[in-house]
Amino acid sequence: MKKWLVALVVVMFLTTILLSAETAAAPATVERVIVRVSPSANYALVKAKVLDASRRLGGALVSEIPEIRAVVLAVPSSAKAAIARISGVLLVEEDKPAKLHGEVQWNVNMINAPKVWSAYSPYYGNAAYGYYSTVRVAVVDTGIDYKHPDLNGAVTWCVVSLNNGATFYKGTDLSKCSDPNGHGTHVAGIIAARLNGAGVAGVAPKALLYAIRVLSASGSGYVSDIAKGIIEATKGPDGAAGTSDDADVISMSLGSSSDSTTLHDAVKYAYSYGVVLVAASGNEGASYPDYPAAYPEVLAVGAVDSNGKVPSWSNRYPDVAAPGVNILSTYPGGKYAYMSGTSMATPHVSAIAALIQALRLAAGKAKLAPSKVYYAIAYTAYNPTGYSYDPLYGYGIVDAKAAVDYALYYM
């Protein structure tokens with residue numbers, strides 16, 4: 001337990017009734033319609049006429065919304081024209097089914113990110129979507145496909161540290177940090193895929209990212225490269241830690257079962273400069289999180305599926321849990337892919353941290369220290385077990401809206 005904290009899929013079944021064409025006629029198609037009564041007509045009188053016609057034509061009342069002079073019916077398709085001709089009826093329109101926008105996937109809805117957008121955008125604009133001029137999330141991974149349509153403009157700077165530092169670059173030539181693996185691009189999309197009406201949307205869909213490539217095309221890398229990446233992200237483009245262009249959040253969907261003094265020292269360096277560090281707990285079904293998630297300066301994230309269940313492979317004793325099973329996100333080449341792992345859970349939490357810091361600044365408040373960000377996220381998490389903390393969920397499944405509310409009004 002960390003010292004900084006005390007405490008649809010909706011499946012639609014289509015039932016097909018097979019009738020012999022020779023022995024039975026096809027049943028009439030029944031539709032839901034909304035009948036709107038003209039503002040100049042007597043609502044009660046017209047409604048009575050509509051209901052009488054509906055019954056005679058084989059329909060039925062579903063509901064009504066008198067405040068806007070609307071009656072909802074289930075009627076045979078052939079009855080719509082007759083109802084529309086009733087004096088006082090303004091129009092008859094189809095009661096179309098609505099659903100969550102396909103761009104906002106179940107995982108983003110599970111943690112209530114859209115509630116942050118809708119609640120705070122009227123007051124704080126783009127900060128409600130994770131944007132603030134000095135807030136950056138560093139994705140320490142395999143690189144990012146910055147040309148992906150859903151990540152257009154998201155990546156502003158990059159670092160490459162590979163082969164024990166033998167391959168090193170930092171700057172704005174983002175092609176140097178392209179993603180030959182796909183993992184980093186997938187993680188980046190969960191954080192910041194743009195809310196643009198296509199593809200998918202991230203938890204903080206206007207956040208700005210640093211691409212910190214420390215893993216090879218195969219997804220492996222050296223501790224020294226990861227440590228270098230953490231330090232460079234902390235210093236930011238100006239090369240000086242403690243300035244406004246530092247990474248505010250470092251998201252690490254990587255790890256090892258082996259401890260490393262070098263890695264821990266890099267983590268402590270970032271933490272000392274106020275960087276929020278979030279890491280994957282690991283996918284081995286182990287009794288404890290991997291490193292760097294296991295360090296007390298890092299928020300360790302486990303995975304849950306769309307039903308809120310923890311998969312067997314998610315390492316135990318995380319700090320919090322987030323969606324990490326069959327997550328659809330961005331993939332190199334303008335593509336999208338489903339991936340699973342605590343690697344996918346981690347960026348959900350990293351994005352919540354970015355929302356907290358961006359909204360704090362937009363509200364005229366100071367950024368929170370990492371320990372307070374961790375507290376806000378963990379304290380407001382929901383634990384399905386009913387316990388305040390348990391080995392599967394840690395403190396619980398994260399809730400972006402509750403965490404932001406707490407960080408804005410109680411800290």
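For the stretch 331-377, give me each residue that is among the hydroxyl-bearing types (S, T, Y), crowded, with 23+ Cβ neighbours inside 10 Å and under 15 Å from the mean Cα position of the chain (by Cα).
T342, S343, T346, S350
Does G285 qualify as being small (G, A, S), in contact with a strand residue (DSSP E or B) (Cβ under 9 Å, 6 or more places away or on another chain) and either in a loop (DSSP other than H, G, I, E, B) or open to solvent by less than 10 Å² (accessible area, probe 1.4 Å) (or both)?
Details: small (G, A, S): yes; in contact with a strand residue (DSSP E or B) (Cβ under 9 Å, 6 or more places away or on another chain): no; either in a loop (DSSP other than H, G, I, E, B) or open to solvent by less than 10 Å² (accessible area, probe 1.4 Å) (or both): yes.
No.
Does the stretch 384-399 hold any residues that are under 18 Å from A113 (Cα atoms) and open to solvent by 10 Å² or more (accessible area, probe 1.4 Å), and which are they? Give the steps one after another, and end with the answer.
Residues of the stretch 384-399 under 18 Å from A113 (Cα atoms): 396-399.
Result: I397, D399.
Do any residues in the stretch 311-334 that are at positive phi have Cβ atoms under 6 Å from those of residues that are open to solvent by less than 10 Å² (accessible area, probe 1.4 Å) and assigned to a loop (DSSP other than H, G, I, E, B), where the two are at least six apart or on different chains, and which pairs are they?
What qualifies is G334/H148.
Quick one: is A138 assigned to a helix (DSSP H, G or I) and open to solvent by less than 60 Å² (accessible area, probe 1.4 Å)?
Working: assigned to a helix (DSSP H, G or I): no; open to solvent by less than 60 Å² (accessible area, probe 1.4 Å): yes.
Against the criterion (assigned to a helix (DSSP H, G or I) and open to solvent by less than 60 Å² (accessible area, probe 1.4 Å)), A138 does not qualify.
What residue, of S306, S314, is modelled with pLDDT of 95 or more, open to solvent by 20 Å² or more (accessible area, probe 1.4 Å) and part of a loop (DSSP other than H, G, I, E, B)?
Values: S314 fails: open to solvent by 20 Å² or more (accessible area, probe 1.4 Å).
Only one candidate qualifies: S306.
Being in contact with a strand residue (DSSP E or B) (Cβ under 7 Å, 6 or more places away or on another chain), surrounded by fewer than 24 Cβ atoms within 10 Å (Cβ to Cβ), over 24 Å from A358 (Cα atoms) and not charged (D, E, K, R) is true for just one of L208, L215, L254, L263. Which residue is that? Working first, answer last.
On the way: L208 fails: over 24 Å from A358 (Cα atoms); L215 fails: surrounded by fewer than 24 Cβ atoms within 10 Å (Cβ to Cβ); L254 fails: surrounded by fewer than 24 Cβ atoms within 10 Å (Cβ to Cβ).
Answer to the selection: L263.
So if I check each of D179, D150, D225, which one is among the acidic types (D, E) and either closer than 20 Å to A270 by Cα or open to solvent by 20 Å² or more (accessible area, probe 1.4 Å) (or both)? Let's see the steps before the verdict.
Numbers: D179 fails: either closer than 20 Å to A270 by Cα or open to solvent by 20 Å² or more (accessible area, probe 1.4 Å) (or both); D150 fails: either closer than 20 Å to A270 by Cα or open to solvent by 20 Å² or more (accessible area, probe 1.4 Å) (or both).
Among D179, D150, D225, only D225 is among the acidic types (D, E) and either closer than 20 Å to A270 by Cα or open to solvent by 20 Å² or more (accessible area, probe 1.4 Å) (or both).
Of the residues V298, V249, which single one is of a type in the set (A, V, I, L, M, F, W, C), crowded, with 22+ Cβ neighbours inside 10 Å and more than 14 Å from Y317 (Cβ to Cβ)? Spell out how you get there, then give the answer.
Numbers: V298 fails: more than 14 Å from Y317 (Cβ to Cβ).
Just a single option satisfies the conditions, and that option is V249.
Looking at the stretch 51-68, I want the residues that are over 15 Å from V92 (Cβ atoms) and open to solvent by less than 70 Å² (accessible area, probe 1.4 Å) and have a partner that is at pLDDT below 90 and part of a helix (DSSP H, G or I) with Cβ atoms under 8 Å, at least 6 apart or on another chain. Which pairs are those?
That search, which allows pairs on different chains as well, returns G58/A79; A60/S54.
The values are calculated or read from the model by the stated rules, or taken from the named source; none is laboratory data. Since the model is a prediction, treat every value here as computed from it, not as a measurement. Note: ideal-geometry Cβ built from the backbone for every residue, glycine included; neighbour counts use all protein chains shown. SASA here: full protein model, heavy atoms, side chains in, ligands and nucleic acids out. Shrake-Rupley method; radii C 1.70, N 1.55, O 1.52, S 1.80 Å.
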